[in-house]
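Any read-out appearing in this document is the output of simple, stated calculations on the displayed coordinates, not a laboratory observation. Please read all numbers here as calculations on a predicted model, not as lab measurements. Every residue, glycine among them, receives a Cβ derived from its backbone with ideal geometry; neighbour counts consider all protein chains shown.
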Amino acid sequence: MPHFKVMTYDRGKWDYLEPRIVEARNAKEAAEKVCGSPLIKGSDKPGNLRTKVWPVIPTVEWFSVPPG
């Protein structure tokens, strides 16, 4: 399984924690492992931003709390 770096955010602002390295099948699974809750890809508004995920190669995916 690939490794991903996951940086976390609190209500859209970086929480100053170092990125965590997580083993997962994909970026979404890595984000949910760190957050412990379901997430959606992208961000409908900045305050919902929860994680930034990237593999060792330089590509980035963002995930947020689902609306509702």
Q: May I ask for the longest run of the chain untouched by trypsin sites (Lys or Arg not before Pro) that are loop-located per DSSP and have at most 13 neighbouring C-beta atoms (other than their own) within 10 Å?
A: 26-68
(Q) Quick check: pseudo-label points 7 Å beyond the Cα along Cα→Cβ at ARG11 and THR59, how many nm apart are they? (A) 3.4 nm
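Relative to the present Cα-Cα distance, how much length would full extension add between ARG20 and LYS41 at 0.36 nm per residue of separation? Before the final figure, lay out each step's value.
On the way: separation 21, 0.36 × 21 = 7.56 nm, distance 1.86 nm.
Computed gain between ARG20 and LYS41 is 5.7 nm.
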Q | Projected-area average for the chain over all orientations - Cα convex hull basis, square nanometres | A | 4.2 nm²
Q) Exactly which chymotrypsin sites (Phe, Trp or Tyr not before Pro) in the chain are in a DSSP loop and have at most 10 other Cβ atoms within 10 Å? A) TYR16
Q: Quick one: what are the phi-derived ³J(HN,Hα) couplings along the stretch 42-47, Karplus 6.51/-1.76/1.60 with θ = phi - 60°, whole Hz, x for glycine and proline?
A: x, 9, 6, 7, x, x
